[in-house]
Amino acid sequence: MKLFSKITFILAMYILGTTACNDSFLETAPLDQGSVEGFFETEEDVVRALNSVYDVFQGSIWGGSFFYNNYSLDGMTDNAVGCCPWEFAIPTIAKGEHSPTSGGLINSKWDFGYEGIFRANSVLGNIEGIEMDASTKNSIIAEARFLRGMILFELTNFYGDVPLVLNVITREEGLSVTRTSKDEVVAAAAADLDFAEANLGDDPLFGQVGRATKKSAIAVKTRMKLYNADYAGAAAEAKKLIDMSRANPDAIGLVDDYESVFSADNENNKEVLFDIQFTEGTQGEGNFMQVGLAPGPEGAPGNGWGSYTPTDQLANSFMMTDGMSIDESPLYNPDAPYANRDARMYANLFIPGVSEWRGNLYDASLSGFSPFFAIRKWVDLDATLGENGCSCNETNFILYRYGDILMSYAEAVNETSGPTADVYDAINQIRARAGMPDVTPGLSQAEMRDVIRHERQVEFAWEGTRRDDLIRWNVAADVIPTVTLFGESIDSRVFVAPKHNLWPVPQKEIDQNPNLTQNPGW
């Protein structure tokens, strides 16, 4: 059950206009301060405006959004192969065939990112004149700054330097913005997130689960500092949440069972630090992960499209229960290759001859576009597609969780101090939850780095982090082209560093605003 229900934002009809997936904040109707002030009159107006920022995260089956389809980013890594170029241009990007005019996620991340920033700025630019309780006002400001800071951080991951827009601007001003250095944008995001941490509570505003909290802000700061190689800073941020967990383990910490973290029946559990809320049964309020990810056969009632197929590289990364690889372990049986494996394999993959789907043993006849593996995470075994591909399923998409904090802490400390006892403790908590043995003691820093990188792949499949990991570790060019499905090279992957480390700025933005420069190589 969703406790935070998104309210349709009427302000969009007044000052933002309607934005399709190929529109941008630069293409909105002209905005002047008077029209904004005409909307912002009461506390209710401010809250509705704040809620509208969350709306850009949800999306619909073809409409796009800023966050809801982050799982599809794995389709441009060694984790998965996407079926269709028309699904966010994922296969096009994976093959290195994308360009500034490719559209798909390249456009929607930019478009919806700036729409979210614009909406957050509208709240921040108009709330001071509204009469309301001072504490509530401060919390709303903190929440809006959290959302803006999180979006800014995400934009830098994909585009590097981006326009830094911290105020409501007119159309004319928007058509002349320039890109700001990534370092400066990250610093602005950090300021927003610091303010959010200091001013948000442990519980969400109005008690509505799904809103940002103090722990949400710390989680985003942890990842932002890790991704920008501020290892000491990342360790310090992660340690705050680890200490919070130790002080109150019932409120924050690892859920006992890995698979249940992502279950529609166990949403808003103590591991979740920030997620995108969905409500089933209503078009536009639910998600369509069930449509895209669930096994088929395609078109059969209640089934999915199987749009992304897990690779051999991911499947083989799930070790045996003795902690050894399939090439080394005496437990491995080539006649039963999926027995005695890391429990996370069964929670992340539908496996031929092993997993069940709709009461049947999963095999090629139940696949979508591929006779191989299918994605298990995010798929609700009890849910159906809905008519006409309805975006109606309720499973929340988790953006930040405590398991990521433990792994970020382990990586950050290992990079600054080597494999200390704290590093082992953090990783072993993750492994123990999956029924895996502790990490071998006495590892070197380099050996521990390999362990951490392996654990991140098997722990966070389909959570949208693999692409960023490969790029920031400077291994994407070596890893991404290796993709196979049951031994066959299905698509030819190309990743050229450093060009492909960043996406191109959408050409439609440069066409409107020649002050915007393009990324190198594009």
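All of the numbers you see were taken from the coordinates with simple rules; none came from a lab. Fair warning: this is a prediction, and the values are worked out from it, not measured in the lab. Neighbour counts run over all protein chains shown; Cβ positions are idealised from the backbone, glycine included.
Is the C-alpha gyration tensor of the range 376-522 telling us rounded, prolate or oblate? Criteria: a/c under 1.5 is rounded; beyond that, a/b larger than b/c is prolate, otherwise oblate. Oblate, since a/c reaches 1.5 and b/c is not below a/b. Averaging over all projection directions, the Cα-based convex hull of the chain occupies 22.5 nm² in the image plane. Give the residue from P204, A188, Y227 lying farthest towards the positive end of the charge dipole for the range 177-232; charges sit on Cβ (+1 for Lys and Arg, -1 for Asp and Glu) and the dipole is referred to the Cα centre. Checking the options against the dipole of the range 177-232, the answer is Y227.
Summing +1 for each Lys or Arg and -1 for each Asp or Glu, what net charge is found among the other residues whose Cβ lies under 11 Å from the Cβ of T77? Local net charge: -1.
Residue ranges 454-460, 333-339, 319-325 sort as 454-460, 319-325, 333-339 when ordered by packing (mean number of other C-beta atoms within 10 Å per residue, highest first).
Of the peptides 493-506, 407-420, 127-140, 70-83, the order by per-residue mean of other Cβ atoms within 10 Å, starting with the highest, comes out as 70-83, 407-420, 493-506, 127-140.
When each of the peptides 288-295, 478-485 is scored by the mean number of other C-beta atoms lying within 10 Å of its residues, the order from highest to lowest reads 288-295, 478-485.
Farthest toward the positive end of the dipole of the range 55-180, out of L164, S108, N70, is the Cα of L164, where the dipole comes from beta carbon charges about the Cα centre. Seen from N519, the other residues with C-beta closer than 14 Å to its C-beta sum to a net charge of +2, counting Lys and Arg as +1 and Asp and Glu as -1.
By the rule of a C-alpha distance below 19 Å, with chain neighbours fewer than 8 residues away ignored, the aspartates and glutamates paired with K95 are D74, D78, E87, D312, D468, D469, D478, E488, D491. Straight-distance candidates among the lysines for linking to K240, with alpha-carbon spacing under 28 Å and chain neighbours fewer than 8 residues away dropped: K2, K137, K182, K214, K215, K221, K225, K270. Placing +1 on the Cβ of every Lys and Arg and -1 on the Cβ of every Asp and Glu, with nothing else charged, gives the chain a dipole about its Cα centre of roughly 580 debye.
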